[in-house]
Amino acid sequence: MEIIKRGAEAEIYLADWHGRKVIVKRRIKKGYRIKELDERIREQRTKREALLMMAARKAGVSVPIIYDVRIKDKEIVMQYLNGERIKDVIDLKSQQWQKKICREIGRSIANLHENGIIHGDITTSNMIWMHEKLYFIDFGLGIKSIENEDRGVDLHLLMEAFKAAHKNKNLFQWVLESYEENFDEAKEVIKKVEEIARRGRYMRRVA
Amino acid sequence: MICLGIEGTAHTIGIGIVEKSGSKCNILANVSRMYKPEKGGIHPREAANHHVKHFPKILLESIEKADINIKDIDLIAFSIGPGLGPCLRTAATAARVLSLMLKKPIIGVNHCIAHLEIGRALTGCIDPVLLYVSGGNTQVIAFMEGKYRVFGETLDIGIGNCLDKFGREVGLPFPAGPEIEKIARKGKKYLSLPYSVKGMDVAFSGILTACLHLVKKEKLEDICYSLQETCFSMLAEVAERAMAHTEKDEILLGGGVACNKRLQEIIRIMATERKARFFCPPNEFLVDNGAMIAWTGLLMHESGMKMKLEETKVRQNYRTDEVEITWR
């Protein structure tokens, strides 16, 4: 197994699973938590992430296929997406393509929110374009919620990500347009986004 | 330059006299008195009365300790918020009197930021994430783009408040934190409690309720142990997330609950595991104190901030991210 990313909570490996190239996401032990507590938290979160991914698929949003959930090792084995990160490619493409993708992002988030799914870390780094389809990855901070506050925080994060990483100011506008067209409660959520922005929290340092 | 700082946001009235020479923080005196209710929690009016009663005594005591003449003081700082209204107004009134009497400038200081600044001054950390844990406040604060921003905080009650309320229900004296710490050392059995982390925020009221349900069924030492382990792990987790998010590699503790040795240990382990550095000032400067107000007042004043008397109205809900940071 080859490690490809080390986060605060989990490690991501590239591995082989019955001849298939897969991603293994392992939640790491925390020495500051006593063993009983640490085991319980990591187990709960591993299960929750897998369930959220399945719920997202049901809601019509593409996510990696889950091949295995190893509760004992706190691991999820999932499809490796050999595509392009939206973050890396969106600035290089035509305006027409950008608009298509942004509308697809807006629709996907609308579907997630409508189905009570909060992604928790929606940035263009967590979106992959493969085989003419948009995939969402990393539901590790996700929760089940139908609160407009949670939806607003979700959307605000994406707004910050767009502002910080992408030059074209229209991109996020297109996302919002499509979000509104596909979600009845969108107006109230967008109002929340403005309120959240004023609080000045959830700021992201851009690498 | 010498500043006299008055702290009075909640149960503590404190005076600190601090000298700033260059960037050096020289603490000449730091005295305080803490209001302890006979029963129940803090009664704001009673606490304010306590502050009125003790202020003249600690003023004399601090001047004596600092071994200065009161005329040597160049600046008066006070805690302008956030906190309990009656307590804040008492400290503010005392500050205004001193400022007028000595004909020296006055400056109102944000209490939360003072915790962070005194920690920076005394421990030598440069750009930390602050885990600020006290009775009323639980916040994860860091400097970003010109302001101290709150990256995580409690969604309901402060961690100290959670410990105190639990302590009160089982008959421990206020503040209950130190007692719970002692009792928890004997605990061995971990009782499953809700673990409430939402992004970088935490919540404690559910844990408190769960603990209270356990009181008749389980040993007190096991409940105290489980309560501490659960709450402190949550705090370590959100502090770590804030560090990862802001890409900072220093963690600083502040607030009265940070005196807890087990919390210190947990945060130190978290820091070590991610190869970050851990900082914690002495207890005297973790709890509410006048020195932190004086020091922050000096930083503000030297960076050119001035306050007219009319601008010294207290702000009970003063938020950390509202403060203009002119000294960094």
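The rows are residues; the columns are (1) surrounded by fewer than 16 Cβ atoms within 10 Å (Cβ to Cβ); (2) at pLDDT 95 or above.
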site: B:189; (1), (2): yes, yes
site: B:195; (1), (2): no, no
site: B:202; (1), (2): no, no
site: B:208; (1), (2): no, yes
site: B:211; (1), (2): no, yes
site: B:214; (1), (2): no, yes
site: B:218; (1), (2): yes, yes
site: B:222; (1), (2): no, yes
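Looking at segment B:287-305, is at least one residue touching a His at 6+ places or on another chain (Cβ under 7 Å) and either closer than 28 Å to residue A:41 by Cβ or not assigned by TED's automatic domain parsing to the domain that holds residue B:20 (or both)? No, segment B:287-305 contains no residue that is touching a His at 6+ places or on another chain (Cβ under 7 Å) and either closer than 28 Å to residue A:41 by Cβ or not assigned by TED's automatic domain parsing to the domain that holds residue B:20 (or both). Residue count for segment A:67-83 under the criterion of being out of contact with any Lys or Arg (no Cβ under 9 Å at 6 or more places or on another chain) and of a type in the set (A, V, I, L, M): the result is 1. Of note, residue A:69 satisfies the criterion of being more than 14 Å from chain B (Cβ to nearest Cβ), of a type in the set (Val, Ile, Thr), assigned to a strand (DSSP E or B) and more than 18 Å from the chain's Cα centre (by Cα).
Free of Cβ contacts under 8 Å to residues at least 24 places away in the same chain, within 14 Å of chain B (Cβ to nearest Cβ) and either open to solvent by less than 20 Å² (accessible area, probe 1.4 Å) or touching a helix residue (DSSP H, G or I) at 6+ places or on another chain (Cβ under 8 Å) (or both): is that true of residue A:5 in this structure? The answer is no for residue A:5.
Return a yes/no flag: does segment A:48-58 have any residue that is more than 13 Å from chain B (Cβ to nearest Cβ), assigned to a strand (DSSP E or B) and without any contact (Cβ under 8 Å) to a residue 40 or more places away in the chain. Checking segment A:48-58: not a single residue is more than 13 Å from chain B (Cβ to nearest Cβ), assigned to a strand (DSSP E or B) and without any contact (Cβ under 8 Å) to a residue 40 or more places away in the chain. Within segment B:243-262, being within 12 Å of another protein chain (Cβ to nearest Cβ), in a helix (DSSP H, G or I) and surrounded by 24 or more Cβ atoms within 10 Å (Cβ to Cβ) holds for one residue alone: B:243. Find all pairs meeting these conditions: Cβ atoms under 7 angstrom apart; at least six residues apart or on different chains; first residue within segment B:139-162 and closer than 12 Å to residue B:201 by Cα and facing chain A (nearest Cβ under 10 Å); second residue assigned to a loop (DSSP other than H, G, I, E, B) and at pLDDT below 90. Filtered contacts from segment B:139-162: B:150/A:201; B:151/A:201; B:151/B:200; B:152/B:200.
Counting only helices (runs of 4 or more DSSP H) that fall entirely inside segment B:121-224 and contain at least 2 residues that are polar (S, T, N, Q), the qualifying elements are B:205-214. Within segment A:18-38, the residues that satisfy the criterion of being open to solvent by 60 Å² or more (accessible area, probe 1.4 Å) and either within 11 Å of another protein chain (Cβ to nearest Cβ) or farther than 19 Å from residue A:138 by Cα (or both) are A:18, A:19, A:20, A:29, A:35, A:36. Residue-level check: of (1) open to solvent by 70 Å² or more (accessible area, probe 1.4 Å); (2) within 19 Å of residue A:95 (Cα to Cα); (3) more than 14 Å from every other protein chain (Cβ to nearest Cβ); (4) modelled with pLDDT under 90, residue A:194 misses just (2). Counting the residues of segment B:270-318 that are within 14 Å of chain A (Cβ to nearest Cβ), touching a residue at least 12 places away in the same chain (Cβ under 8 Å) and either open to solvent by less than 60 Å² (accessible area, probe 1.4 Å) or more than 22 Å from residue B:94 (Cα to Cα) (or both) gives 6. Exactly one condition in (1) at pLDDT 95 or above; (2) closer than 29 Å to residue B:126 by Cβ is false for residue B:23; which is it? It is condition (1) that residue B:23 fails. Annotation note: of B:59, B:88, the sole residue that is open to solvent by less than 10 Å² (accessible area, probe 1.4 Å), out of contact with any Phe, Trp or Tyr (no Cβ under 6 Å at 6 or more places or on another chain) and outside any strand (DSSP E or B) is B:88.
The values are calculated or read from the model by the stated rules, or taken from the named source; none is laboratory data. Small disclaimer: the values here were computed from a predicted structure and weren't measured. FYI the Cβ positions are ideal-geometry reconstructions off the backbone, even for glycines, and counts take in every protein chain you see. All accessible areas refer to the heavy atoms of the entire protein, side chains included, with ligands and DNA or RNA removed. Shrake-Rupley method; radii C 1.70, N 1.55, O 1.52, S 1.80 Å.
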